[in-house]
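Below is one structure, written out as structure tokens; the observations come after it.
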Amino acid sequence: MQSDMLTKILYVDDDDDIRTVAVFALEAVGGFEVAACASGREALARTVDFAPQLLLLDVMMPDMDGPATLAAFRRVAATASTPAIFMTAKVQRTEVDRFLSLGAIDVIAKPFDPMALPGTIRAIWERFRCSIADTTP
Amino acid sequence: MASGSTNRETSPPASVLRSMRNRQIWALMLGELLLFAVAGHLSFRLVAEARASRAWVEHSHEVLHALADLRLTVARLSAWTLYFVNGDESITASRIRGELGRVQGKLDALRGLVADDPAQRERVLKITEPLGPRLDLHRHLVDRVAPGDMAAAQPIVRALGRGADPVRASFAELATSERDKLAARNAASEATMQRLLVLLLAVFAAALLFGVLATLQFLYRLRLQNTRWRELAQANAEIARQHEAVRRTTRRLDAVLDNAHDVIMLVSGDLKVVMANEASAALLGASSGDVVGRSITEFLPSFEAAEGRIWLQQALRADGTEFSAEISVGGCQLEDGPAFVCIIRDVTERQKLEQLKDDFVSTVSHELRTPLTSIRGSVGLVASGAAGDLPVKARDLIEIAHKNSQQLIELVNDLLDIQKLDADRAGSGRERVDVRRLVGSVVDACRELARQAQVEMSIEDGSGRPIDVAGEFGRLQQVLINLVSNAIKFSDQGGRVVLSIAGDETHAVLAVRDFGPGIPDEFRPRIFGRFARAETGDARRTRGTGLGLSIVKAIVERHDGEVGFDSPLPDGGSRFWLRLPLQAAAAQPADDRSSFAVGEHPIVVPT
């Protein structure tokens, strides 16, 4: 199901401006196909017609925050094992560990450099692919 | 004792004087009395001797006088008799008889005077015996012979004449012997009196001497007593003063201990509580009396007796509940060996405040960073041309906006970093960090910056073996990235920056070397201070918050390391070095947090 090349990203962030910037960066600079949603609910609805390879989730959101959104995705068969990256300004060590323990494969700090974002995501993807390859027999 | 002391300081009470058993003084006083008795006796004898002497003299004179008187009367008698014989009409027989009677009377008187003294009687007898017959002759003459009858009187006159000389001689002899006797007697008496007087004077002198000695002894003893008494009183006063001082000190110490907010305990070498202040009731739920004798580990489960330590742990109350406590331990020496002073402070409130502050910082950082993300993101995209080409003027303006938004982000990052470093005393987890991997990741992270500044980076690896330090990969990476980016910033185009790895038995030494202008003298002392920036007048080089090196220093010191610099070097430029303790064995190997680190601390600064 998951090809080696990363092309489809589902991105969730409640801040319109950040979303605009990020989508711009990911599409125009990174060449990804991005489905951007303003809330966890919207994102869950979106998975019906968009099968993401990677979830990019803002943490601080009203109603359903990042972790809650991820938990919801995990309950859906289609996205039960999709790798997820959290994006947040709260990057204290303890919090990072917590996010990782919730099932994310990495955490990207805000503010992020939109020019570097695609490269960062690709690097994370590669690393994840390698670790998958190591563990699968 | 305190109230009557002023009086007693000057003289001892009467009872003390009475009780003075001084034999010497009593002996002296007795001697004195004796002498006075002797003197009295001598005086008495002196007076008696004087009186006796005077009496004797008077008597002697009386005798002599009587004798002279008798002689005179006898001479007158003889004369009258002659006149009678010569027929003088004025001298009658009756007158001569009268005179005879007077002589007789005087003789009797004389006899009477010497009646008591045999010697004198003897002498007087020599007069009176021959005198009797003579008187008879006179009487005979007067009775038998008529006045003027010289012929009849002649034989009697002749007889009288013949007897006159012996009588006269006797008179003279008596007088002389009586006078001699008187003189001798006077002389003897005088001698006796003189002797007595001398003795008396001697006795008085002795008495005076005794008296002086006794007085001196008495005064000396008195002064001694006084001195001793004064010394005693002074000693007492001194003791009372010291007592009071000790009491005052004890009261103060008690006040300090019992009113301190923190629990202060004295713990013996075998970890038993020896003494505790009142605060233990409030903090530990057990009064100071109950706490004594129990082991300190009942309240501080992981207590390690080490002097000079301060640490945080959960403390236990008597009822089993816990609270966050800060423990500080000092060492001391008691009579029975080494002991500890342990102070327990309830830091629940402080930790709450710190938690609040951390939460605040966390929230603020998020709030600040959110709009910054949008700004930097959109401006960056426009500046990179991803949204299309820009008119020339717009390009410059966008560039300005991009550069400044970048700076703003750096400032926020640095400020929050410092705040985190300040607040985070305990430090995060330590991992084993491979120094080579660390340096490699730093070079990777700075590659783009170096390329844009046209500066070449290289690594010099001094030691051949693996070097591991204990620390946080991300933080150490932050430190080196900061140093390297500074080196790049201060290098000219075409310059070089060299990272070197070296180490000895105990430490790893990492250095970043540049060949730039070096560090100006006036900047050197401030270089690791906050908001310190070199005034070089070069806009490119003075960019930055000035917090970078202070953060570097804080991180390195948190890793128990040292950071320093050498500048200017002989070949030009500066070298910044870190010394970090080697990690022999650590917990778990560090994950590569390069993506995380890069995301948090972007170092790409498009010029």
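The values are calculated or read from the model by the stated rules, or taken from the named source; none is laboratory data. Not measured: the values here are computed from a predicted model. Every residue, glycine among them, receives a Cβ derived from its backbone with ideal geometry; neighbour counts consider all protein chains shown.
In segment B:351-370, the qualifying residues are those that are touching a residue at least 12 places away in the same chain (Cβ under 8 Å) and away from chain A (no Cβ under 12 Å), and the one that is farthest from the chain's Cα centre (by Cα) is B:Lys357. Flag: B:Leu28 matches the condition of being at pLDDT 60 or above and either surrounded by 13 or more Cβ atoms within 10 Å (Cβ to Cβ) or under 30 Å from the mean Cα position of the chain (by Cα) (or both). Contact map, segment B:148-160: residues that are among the polar types (S, T, N, Q) paired with residues that are surrounded by 18 or more Cβ atoms within 10 Å (Cβ to Cβ) and part of a helix (DSSP H, G or I), Cβ distance under 9 Å, separation 6+ or inter-chain. Pairs shown: B:Gln154/B:Val85. Considered as a group, the residues in segment B:262-283 that are in contact (Cβ under 8 Å) with a residue 24 or more places away in the chain and part of a loop (DSSP other than H, G, I, E, B) include one that is farthest from B:Leu334 (Cα to Cα), and that residue is B:Asp262. The requirement of being among the charged types (D, E, K, R), within 11 Å of chain B (Cβ to nearest Cβ) and part of a helix (DSSP H, G or I) is satisfied by A:Arg122.
In this structure, does B:Glu335 turn out to be more than 30 Å from A:Ala89 (Cα to Cα) and at pLDDT 85 or above? Show your work before the answer.
Working: more than 30 Å from A:Ala89 (Cα to Cα): yes; at pLDDT 85 or above: yes.
Judged against the criteria, B:Glu335 is a match.
Is it true that B:Arg95 is surrounded by 14 or more Cβ atoms within 10 Å (Cβ to Cβ), charged (D, E, K, R) and in contact (Cβ under 8 Å) with a residue 40 or more places away in the chain? Break it down stepwise before answering.
Details: surrounded by 14 or more Cβ atoms within 10 Å (Cβ to Cβ): yes; charged (D, E, K, R): yes; in contact (Cβ under 8 Å) with a residue 40 or more places away in the chain: no.
Answer is no for this residue.
Would you tally the residues in segment A:1-28 being within 14 Å of chain B (Cβ to nearest Cβ) and not in a helix (DSSP H, G or I)? Steps first, please.
Taking segment A:1-28 as the starting set, the residues that turn out to be within 14 Å of chain B (Cβ to nearest Cβ) are A:11, A:13-28.
Among the residues that remain, those that are also not in a helix (DSSP H, G or I) are: A:11, A:13-15.
The qualifying residues number 4.
Of the set (1) of a type in the set (Lys, Arg); (2) touching a residue at least 40 places away in the same chain (Cβ under 8 Å); (3) surrounded by 14 or more Cβ atoms within 10 Å (Cβ to Cβ), all apply to B:Arg294 but (2). Taking (1) within 14 Å of another protein chain (Cβ to nearest Cβ); (2) part of a helix (DSSP H, G or I); (3) crowded, with 22+ Cβ neighbours inside 10 Å in turn, A:Asp97 satisfies each apart from (3). Do we find that A:Phe86 is in contact (Cβ under 8 Å) with a residue 40 or more places away in the chain and within 14 Å of chain B (Cβ to nearest Cβ) in this structure? The answer is no for A:Phe86. Quick check, is B:Arg430 surrounded by 15 or more Cβ atoms within 10 Å (Cβ to Cβ), within 14 Å of another protein chain (Cβ to nearest Cβ) and of a type outside the set (Ser, Thr, Tyr)? Yes: the conditions hold for B:Arg430.
Quick check: is even one residue across segment B:337-358 of a type in the set (Gly, Ala, Ser) and surrounded by 14 or more Cβ atoms within 10 Å (Cβ to Cβ)? If you could, list the steps in order and put the result at the bottom.
At the first step, the residues of segment B:337-358 found to be of a type in the set (Gly, Ala, Ser) are B:337, B:339.
Pick out the ones that are also surrounded by 14 or more Cβ atoms within 10 Å (Cβ to Cβ) and you get B:339.
Within segment B:337-358, one or more residues are of a type in the set (Gly, Ala, Ser) and surrounded by 14 or more Cβ atoms within 10 Å (Cβ to Cβ).
Looking at A:Ala89, A:Ala80, can you tell me which residue is closer than 21 Å to A:Thr7 by Cβ and touching a Lys or Arg at 6+ places or on another chain (Cβ under 6 Å)?
Working: A:Ala89 fails: closer than 21 Å to A:Thr7 by Cβ.
Only one candidate passes the filter, namely A:Ala80.
Residues checked against (1) free of Cβ contacts under 8 Å to residues at least 12 places away in the same chain; (2) surrounded by fewer than 16 Cβ atoms within 10 Å (Cβ to Cβ); (3) touching a Pro at 6+ places or on another chain (Cβ under 6 Å):
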position: B:His59; (1), (2), (3): no, no, no
position: B:Asp69; (1), (2), (3): no, yes, no
position: B:Leu77; (1), (2), (3): no, no, no
position: B:Gly101; (1), (2), (3): yes, yes, no
position: B:Lys106; (1), (2), (3): no, no, no
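For segment A:29-42, indicate whether the set of residues that are assigned to a helix (DSSP H, G or I) and within 13 Å of chain B (Cβ to nearest Cβ) is non-empty. Among the residues of segment A:29-42, at least one is assigned to a helix (DSSP H, G or I) and within 13 Å of chain B (Cβ to nearest Cβ), which makes the answer yes.
For segment B:476-500, which positions are part of a helix (DSSP H, G or I) and small (Gly, Ala, Ser)?
Quick first cut of segment B:476-500, residues part of a helix (DSSP H, G or I) only: B:476-489.
Within segment B:476-500, B:Ser485, B:Ala487 meet the criteria.
If you go through segment B:193-212 and keep only what is touching a residue at least 40 places away in the same chain (Cβ under 8 Å) and of a type in the set (Val, Ile, Thr), you end up with just B:Val203.
Among the conditions (1) over 19 Å from B:Gly377 (Cα atoms); (2) in contact with a strand residue (DSSP E or B) (Cβ under 6 Å, 6 or more places away or on another chain); (3) more than 14 Å from every other protein chain (Cβ to nearest Cβ), the only one that A:Gly66 does not satisfy is (3). Could you tell me whether segment B:298-308 includes any residue that is part of a loop (DSSP other than H, G, I, E, B), acidic (Asp, Glu) and over 37 Å from the mean Cα position of the chain (by Cα)? For segment B:298-308, residues part of a loop (DSSP other than H, G, I, E, B), acidic (Asp, Glu) and over 37 Å from the mean Cα position of the chain (by Cα): present.
Screening B:Asp389 on (1) within 14 Å of another protein chain (Cβ to nearest Cβ); (2) loosely packed, with under 13 Cβ neighbours inside 10 Å; (3) assigned to a helix (DSSP H, G or I) shows it passes everything except condition (3). So if I check each of B:Val433, B:Val442, which one is within 22 Å of B:Leu549 (Cβ to Cβ) and outside any helix (DSSP H, G or I)? Answer to the selection: B:Val433. Just one of the listed residues (A:Ala72, A:Ala133, A:Ala77) is surrounded by 15 or more Cβ atoms within 10 Å (Cβ to Cβ) and of a type in the set (Gly, Ala, Ser), and it is A:Ala72.
When the residues of segment A:104-118 are filtered to those that are out of contact with any Ser or Thr (no Cβ under 8 Å at 6 or more places or on another chain) and modelled with pLDDT of 85 or more, the one that is nearest to the other protein chains (Cβ to nearest Cβ) is A:Ala116.
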